[in-house]
Structure formats: structure tokens, C-alpha cells
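**Q** Structure provided below as C-alpha cells; questions to follow.
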Amino acid sequence: MVASPDEPGTDLAARRDEPEHAARRPGAARAWDVLAHGLPLAALLVGPDGRIALTNRYGALVLGRVLTPGRENFLAGGYDEQPPWLTDLLARVADDDVRDRPHPVSLETIEGPRRYEAYVDRVALPEHGPEASGYALALLEVTTRRADELALRRASTVFANTTNAIVVTDGHGRIVQVNPAFTATFGWRELDVIGHLADEVLRTSVWTDVAGEDGEVGRTGRWNGEATLETARAGRVSGWLTLSDVRDGDQGRDVIAVFTDITPLKDSEARLDHLARHDPLTGLVNRVVAMERLQLALHLAARSDGGVAVLFLDLDRFKEVNDGLGHAAGDRALREVASRLAGRLRAHDVLARLGGDEFLVVADGLASAAQAQVIADKLLAELRQPVTVDGRDVVLTASVGISVYPRDAADADTLVRNADAAMYEAKETGRNRARFYTPELTERASERLLMETELRRTVAAQGLSLHYQPIVTVSPTRLVRLEALLRWTNERVGPIPPSDFIPLAEDIGLMPELGAWVLDEALRQLAEWRAAGVDVPGVAVNASPTQIETPGFVETVVDRLEQHGIAPGDLEVEVTEGTLFRAQSQGALVLHRLADAGVRIAIDDFGSGYSSLARLEELPVDVLKIDRAFVSGLGPSAEGQHRRAVVTALIDLAHAHRLRVTAEGIERPDELAALAEAGCEFAQGYLISRPVPADDVPDLVGRLRGTSAAD
């Protein structure tokens with residue numbers, strides 16, 4: 001880097017202009033030049049004037065200078081002044097105490113930005129004068145080294161702080177390093193496992209099977225898969241294991257294992273699977289599992305000529321429990337029912353909750369259908385025992401439908417469908433009983449489906465009509481109002497009784513729509529009669545429980561009254577006695593709001609349901625309508641006298657609660673006379689008039705003005 005030691009006084013400029021001087025230099029000097037030019041660093045000599053005087057080949061490349069062939073030393077020529085980076089560097093090393101350490105330097109080279117460490121020392125330059133001195137610089141590139149160091153620091157940080165357990169083994173499967181997450185996951189300290197075989201520590205054969213030279217890791221450099229490994233304290237854990245091969249030329253190989261604990265994920269999957277296959281309320285299996293078990297039972301039965309029974313169970317009137325006690329109490333009752341049913345079944349029987357208050361039982365290995373009846377009887381007997389909910393005893397009966405393989409069907413879906421049809425038969429014949437499937441039930445179900453389809457089409461086309469039956473005072477006979485009664489005449493089968501299609505409309509959710517139409521049509525017709533001079537005092541319409549509970553019901557009633565110009569007192573809304581049982585919260589509020597608007601409230605079919613006169617005191621009821629069952633047979637016979645006593649007591653109790661009474665279904669004069677004697681205010685029935693179409697109402701009103709029903 002400095003002038004050759006064998007020619008200390010040679011002028012640098014002269015040396016520069018002597019092309020063949022290197023050939024005449026001593027061997028040591030030439031060796032020095034070879035060493036300087038062969039070093040993988042930039043060697044620079046800075047003269048007393050601060051300019052770069054000499055550089056080696058690498059330095060010339062760094063500085064972007066053209067190499068001159070045949071020269072061992074290359075001048076940096078062209079630097080009239082110190083470059084900025086050199087000025088900054090020399091300023092930093094002006095004090096002797098900073099020369100002993102490298103100084104960072106950044107340069108723009110022909111290869112782009114590079115970072116260097118500069119080693120600087122002051123040197124004497126006697127050729128410039130006895131006291132002349134300059135600087136010798138060595139620039140060592142550290143761009144790659146710094147990047148490697150940063151990468152190592154990053155890798156070390158990841159290794160130490162990742163939540164995945166990492167194990168490093170040598171080519172023989174012995175552990176050479178683990179990270180803190182390994183200790184946290186498996187419970188072993190690093191010093192406990194270093195030098196031990198990974199397969200032995202973790203109770204696995206993964207390293208033996210796949211990590212060796214002949215295994216997949218040795219062949220492809222990588223393997224991953226699910227593995228279950230042993231821990232020191234918590235037993236075995238499941239996780240995702242990745243093995244990677246790391247080779248160091250001829251020095252050997254390491255295997256790096258990264259383990260991700262997926263035990264929480266497995267637990268979550270198990271919970272999701274359980275939820276997907278079980279009822280969350282009762283813990284019973286759901287329909288999916290029940291059908292799987294049924295299909296398996298049928299497969300086994302086909303091979304062994306055995307019998308399988310499907311029992312479809314539906315709780316009777318459970319909705320009234322929800323409405324009366326609340327859904328939370330209803331849920332507790334369902335859990336108790338599920339527990340009781342399970343306790344009465346055999347260990348291999350399947351009990352599933354299908355939803356709501358419906359349960360399904362699959363009983364296999366039956367020798368006869370009679371055994372299915374025995375199972376049903378046990379379940380029904382168990383349910384007859386009261387269930388205690390919130391300190392109250394509730395009796396929950398059930399209707400059970402039974403279908404049997406192979407008699408009733410050979411496939412699972414048909415067996416369940418047939419059992420469902422038999423369950424409906426049990427409900428229609430009185431509830432709290434079991435019924436076997438018969439082919440006639442399928443015919444009835446098909447007929448019901450057809451009726452449902454035609455009813456929906458008729459409602460959409462407004463193909464229903466209203467007939468009107470008068471309600472009159474008992475004595476003397478005077479028209480009080482007309483009750484609007486819904487009628488349906490089907491093109492295929494003719495007139496269909498309301499007792500057939502009204503429950504169907506309720507079941508399929510059509511009653512709110514139907515009820516709204518009946519209300520609007522009755523009020524429209526009343527306004528039309530009055531406009532034509534027909535003196536109709538008012539109308540009565542029926543409102544179903546679902547209609548009462550429909551949001552906006554009161555607003556709809558008030559709006560229709562205003563639209564047709566009808567006073568609220570000219571409208572009477574009749575609700576069934578069952579509505580009272582449901583009217584614990586929203587229903588009761590609706591009745592009060594109707595009464596506040598001026599609408600009259602009547603309780604229809606009183607005595608056939610659950611209510612009591614004490615309950616009526618809490619509600620704004622104006623009229624009780626005594627059911628036909630109490631009115632029929634009020635004659636001079638002993639039975640008639642007994643019925644008269646009951647009806648008289650009902651009327652007296654109603655009057656004591658400031659309620660008026662309408663007797664329904666009056667067909668004979670002696671029935672009307674007995675009711676008049678008992679103090680009944682209003683009468684309705686065939687004796688007064690059958691329901692008539694709207695066009696016949698004017699004649700009906702005229703007839704009632706001129707005749708007495710008692711005549």
C-alpha cells in the first residue's frame with residue numbers, strides 16, 4: 001500500500017510513469033504487490049494533500065476506476081478533492097483513540113450500494129518530506145455479513161419466541177437443541193433431553209420411520225403430518241409435525257422438527273361434531289344420528305329376520321306449557337322428559353330428539369309388533385307421572401305413533417313417515433295413547449296434503465266466503481249482532497266443514513291471513529248493509545290465538561274500523577277459551593288494548609277448555625258464550641234437569657263477575673225457555689237461524705223484526 005521498502009525515496013509520479021518497473025523490483029516487493037492486489041478488500045493510500053494516491057485492484061473496482069493493464073499499483077486519479085465519505089471518515093479518525101476500531105462506511109459502487117468497515121492508520125510518507133504523513137485505509141465489505149448476522153438474529157428470535165415447539169436432531173435422531181416452546185409443550189427441560197433419541201423422549205417412531213437417510217426426509221428433504229407425542233406431565237398431545245432436512249456439505253445433517261399443538265383444535269372439532277350430531281338441550285342424539293342407527297338396524301334385521309320398531313312421540317299441548325310457564329321452564333321440562341324416557345328404554349335402543357317436543361325411538365331385535373306396544377306403554381306410563389318445574393307439578397302426556405319393519409315399510413324414511421302419521425292418529429283419537437300405522441293413515445295424510453294445497457290456493461285467490469248467524473236477546477227476541485262464520489266450498493268435494501279446514505289453516509300458519517280477511521270483509525259488509533238501510537247493530541268475528549299474538553293486530557283492527565266507518569262498540573272479537581290460557585303476557589295485553597279502543601271481547605266455547613272465572617276477572621271480557629255441550633238436552637228429563645242446574649250455576653257465576661252470557665247451539669224451544677228462566681241474556685243457534693250468505697241477511701233481519709224465536 002505504501003512505497004516499496006527497497007525504494008523509499010522514489011517519486012510516486014515517476015513510479016507511475018515507469019511501465020516496466022515491477023519487473024525490476026525485488027521479489028519481496030513483488031510478493032507484497034501480489035498480496036495487496038489479491039486481498040478481497042480495498043487498500044487505499046491517502047497522501048498529505050488528502051487525495052487518494054494509490055489503490056489496489058479491488059479498491060479501484062470499489063471506487064469505479066478503470067484498471068490500467070500492466071500496473072501493479074493503480075492511481076485513483078481524478079480526485080482533486082477528498083470525496084465526501086473520505087472527508088467524513090478522516091474527521092472521525094483524527095483522534096488517536098478511535099483508530100483501533102473499524103468505522104462504518106457506505107459507498108455507491110458499480111454494483112450498487114455497499115457497506116464496508118474501514119480500518120485506518122496514519123503512515124509516514126518521507127517521499128513527500130521528512131515530516132510528511134498520510135493514511136493507509138483498508139475497506140472490508142460487510143454487506144453480506146451484516147445481512148447474514150441480521151438473518152441469524154431474526155431466526156434466533158423466532159426460534160426462542162415462537163409458540164411452536166422446535167426440536168433439532170442430528171442425523172442419528174439425537175436431540176441437539178430445543179426451544180422454550182418445547183419445554184412449555186412437553187414439560188422437559190433442555191438439559192433433560194439433549195443427547196437423547198427423539199423417538200424415545202417423545203414416544204414415537206417418526207424419526208426412525210421418516211427422518212433417516214432412507215426415509216422421506218432423507219430422500220425429499222421434508223415431511224409433514226399429524227402425530228401424537230408424549231409429554232412429561234400431561235400425557236399425549238396431538239399436533240402437526242413438520243420435519244426438514246438441513247445438510248452442511250460433508251459435515252453431516254440435522255433434522256429440524258416443528259410441532260404445532262392442535263389439541264385445542266381437536267377438542268373443538270369434537271365439540272362441533274357432538275353439536276352436529278346431538279341435541280344441545282337434552283344431550284340426546286339428533287335426527288341425523290337416529291336415521292343412521294335406524295338404517296344400520298334395518299340392515300342387521302334383514303340378515304337376521306328380526307323386527308325393528310320406530311316410535312314417533314309428540315308431547316300433548318306442550319305449547320301451553322311454554323306459554324303458561326315460559327320457555328325456560330319448558331326447556332327444563334323437556335330435559336326431564338328426555339331423562340325419563342331414556343331411563344325406560346333398553347340399553348341398545350336409540351332415543352333422539354327431533355326438535356320442539358318431538359322424540360323418536362328406534363327399537364331393534366323385536367320378535368313381534370306387540371313388543372313395540374309394550375315399549376310405548378312404558379313410555380306413556382312414565383310421562384303420566386308429574387314433572388316438577390319451578391316448584392309446580394306439570395303432567396305431560398304424549399301421543400305415540402308406531403311403525404314396524406318389515407310389515408309397514410322396508411326403508412328408514414318410510415318407517416319414520418308412517419310412525420309420524422300414526423302419531424297424528426293418536427292425537428286425533430284423544431291423545432295420551434299409542435297407535436300403530438295402517439295404510440289408511442297414508443291415504444288420510446295424502447288427502448290432508450291435497451287439502452292443504454287447495455286451501456292455500458283458495459286463500460290466495462280469496463275463494464272463501466262468509467256466512468252470518470244472528471245473536472239475539474233471549475226475551476224478547478231482538479237482533480244484537482251477526483257472527484261472521486268462514487265457509488269453504490271446494491270444487492272437488494263440495495262444502496268442507498270449518499271443523500276440518502280451520503285446524504288445518506291453524507297448523508300451516510294461514511290463520512293470521514285468514515283472520516285479517518274475515519275482519520275486513522265483515523266490517524265492509526256491515527258498512528254496505530247500513531248504507532242500504534239494513535239495520536244490523538254489529539258484527540262478531542273470531543280471532544285465533546296466533547292472530548291475537550301477531551304483531552300489529554290491534555292496529556289492524558283500529559285501522560279497519562276507521563276505514564269502514566264502524567264504531568268500535570259495534571265490533572265484538574271472540575277468542576277461544578284456550579287463548580285465555582296462553583294470554584299470560586302479550587295476549588292479555590292485546591285484549592286490554594282492544595278493550596281500551598272500545599272493542600267488545602267475548603269468550604267462545606266457555607267450559608270446554610282450561611280457564612276459570614277467577615282468570616276472567618283479570619281480563620276485559622264482556623260476554624261468555626256457553627258451549628253447545630252444556631245447552632244440548634235442557635229438557636224435563638232427569639239428565640236435562642242436571643244440565644239445567646249446571647248451566648244456571650255458570651250463568652249465576654258469570655253475573656257475579658259482571659259478565660253477560662250467550663248460549664250457543666240452541667236448537668229446541670225448551671232449551672231456549674230453560675235458558676231464559678236461568679237468566680241468560682243472549683241466544684244463538686239453529687232455532688233462531690242457520691248461518692246465511694251475506695245476500696240473505698236483509699231478509700233475515702226483516703224476519704227477526706217480525707217474529708219471535710220462542711214461537
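The values are calculated or read from the model by the stated rules, or taken from the named source; none is laboratory data. Just so it is clear, the structure is predicted and the values come from calculations on it, not from any experiment. In this analysis, Cβ positions are derived from the backbone assuming ideal geometry, glycine residues included, and neighbour counts consider all displayed protein chains. The area values use the complete protein model at the heavy-atom level, side chains included, leaving out ligands, DNA and RNA. Shrake-Rupley method; radii C 1.70, N 1.55, O 1.52, S 1.80 Å.
**Q** Count the net charge of all other residues whose Cβ sits under 14 Å from the Cβ of ASP420, scoring Lys and Arg as +1 and Asp and Glu as -1.
**A** -2
**Q** Let me ask another. Suppose each label sits 7 Å from its Cα in the direction of the beta carbon; what would the VAL646-ALA329 distance come out to in nanometres?
**A** If labels sit at VAL646 and ALA329, their model points lie 2.9 nm apart.
**Q** Something else now. Extending each Cα 7 Å along its Cβ direction at GLU440 and VAL395, get the distance between those two points in nm, one decimal.
**A** For the pair GLU440/VAL395, the computed spacing is 2.9 nm.
**Q** Against the globular-protein guess of 2.2 N^0.38 Å, express the Cα radius of gyration of the chain as a ratio, rounded to two decimals.
**A** 1.90
**Q** With no solvent and one equal point scatterer per Cα, compute the Debye intensity ratio I(q)/I(0) for the stretch 424-474 at 0.28 Å⁻¹ and report its log10, rounded to two decimals.
**A** Debye curve over Cα of the stretch 424-474, log10 I(q)/I(0) at q = 0.28 Å⁻¹: -1.03.
**Q** Kindly state, to the nearest 0.05, the FRET efficiency for GLU677 paired with ASP622, given R0 = 25 Å and r defined as their beta-carbon distance.
**A** 0.60
**Q** For the chain, what is the charge dipole size about the Cα centre, in debye to the nearest 20, if Lys and Arg each add +1 at the Cβ and Asp and Glu each add -1 at the Cβ?
**A** About 900 debye.
**Q** Assign one of three labels to the stretch 208-272, namely rounded, prolate or oblate, based on the Cα gyration tensor with a ≥ b ≥ c the square roots of its eigenvalues; rounded applies when a/c is under 1.5, prolate when it is not and a/b is larger than b/c, and oblate otherwise.
**A** Since a/c reaches 1.5 and a/b is larger than b/c, the shape of the stretch 208-272 is classed as prolate.
**Q** Another question, if that's okay. Only loop residues by DSSP count here, and only those with at most 15 other Cβ atoms within 10 Å; note down the chymotrypsin sites (Phe, Trp or Tyr not before Pro) in the stretch 605-700 that meet that.
**A** TYR610, TYR686
**Q** Each residue of the stretch 158-175 in turn: what ³J(HN,Hα) in whole Hz from Karplus with 6.51, -1.76, 1.60 and θ = phi - 60°, glycine and Pro shown as x?
**A** 4, 4, 7, 10, 5, 7, 7, 6, 10, 10, 10, 10, 7, x, 9, x, 8, 6
**Q** Now a separate question. Over the heavy atoms of ASP695, what accessible area does a 1.4 Å probe trace out, to the nearest 10 Å²?
**A** Counting only protein heavy atoms, the figure is 140 Å².
**Q** Follow-up. Pulled fully out, how much extra length does the chain show between ALA567 and THR228, if you take 0.36 nm times their separation in residues and subtract their Cα-Cα distance?
**A** Value of the extension gain: 114.1 nm.
**Q** How much accessible area per residue does the chain have, in Å², with a 1.4 Å probe?
**A** In whole numbers, the chain has 50 Å² accessible per residue.
**Q** Could you look at the stretch 631-684 and say what percent of its accessible area is carbon and sulfur, using a 1.4 Å probe and all protein chains?
**A** Carbon plus sulfur share of accessible area: 56 percent.
**Q** DSSP loop trypsin sites (Lys or Arg not before Pro) in the stretch 383-480 with at most 16 other Cβ atoms within 10 Å of their Cβ, which ones?
**A** ARG384, ARG407, ARG431, ARG478
**Q** For the stretch 366-466, I need the span (max minus min coordinate) of the C-alpha atoms along each principal axis, in Å, sorted largest to smallest.
**A** 48, 44, 20
**Q** For LEU300 and GLU336, what does the FRET efficiency come to when R0 = 30 Å and r is the distance between their Cβ atoms, rounded to the nearest 0.05?
**A** Computed FRET efficiency for LEU300 and GLU336 comes out at 0.40.
**Q** Between HIS128 and ARG317, what is 0.36 nm times their sequence separation minus the Cα-Cα distance? Round to one decimal in nm.
**A** Gain in length upon complete extension: 56.2 nm.
**Q** Can you pull the one-decimal nm distance between simple spin-label points at ARG115 and ARG668, each 7 Å off the Cα toward Cβ?
**A** In this crude spin-label approximation the distance works out to 11.4 nm.
**Q** 222 nm [θ] for the chain, helices only, -39500 (n - 2.57) per DSSP H run of 4+, per residue, to 500?
**A** Estimated from H runs of four or more residues: -12500 deg cm²/dmol.
**Q** For the pair GLU639 and TRP517, what calculated FRET efficiency results from E = 1/(1 + (r/R0)^6), where r is the Cβ-Cβ distance and R0 = 25 Å, to the nearest 0.05?
**A** E(calc), rounded to 0.05, equals 0.05.
**Q** Please list, by residue number, every one of the trypsin sites (Lys or Arg not before Pro) in the stretch 631-700 that is coil in DSSP and has at most 11 other beta-carbon atoms within 10 Å.
**A** ARG658
**Q** List the lysines whose Cα lies under 29 Å from the Cα of LYS319, skipping any in the same chain that are fewer than 8 positions away.
**A** Within the straight-line cut-off, LYS319 pairs with LYS378, LYS427, LYS625.
**Q** Here's a follow-up. Specify which residue in the list TYR468, ALA673, THR163 is farthest towards the positive end of the charge dipole of the chain, using unit charges on the beta carbon of Lys, Arg (+1) and Asp, Glu (-1), about the Cα centre.
**A** My answer, from the dipole projection, is ALA673.
**Q** Could you tell me whether the stretch 146-195 comes out rounded, prolate or oblate from its Cα gyration tensor? Rule is a ≥ b ≥ c as square roots of the eigenvalues, rounded for a/c under 1.5, then prolate if a/b exceeds b/c, otherwise oblate.
**A** oblate
**Q** Given an 8 Å cut-off on Cα distances and at least 6 residues of separation, report the relative contact order of the stretch 362-488 as a percent.
**A** Value for the stretch 362-488: 15 percent.
**Q** Can you tell me the length gained on complete extension of the stretch ALA597 to THR388, counting 0.36 nm per residue apart and subtracting the Cα distance?
**A** So the extension gain works out to 71.2 nm.
**Q** Pairs of Cα atoms under 8 Å, at least six residues apart: use those to get the relative contact order of the chain, whole percent.
**A** 6
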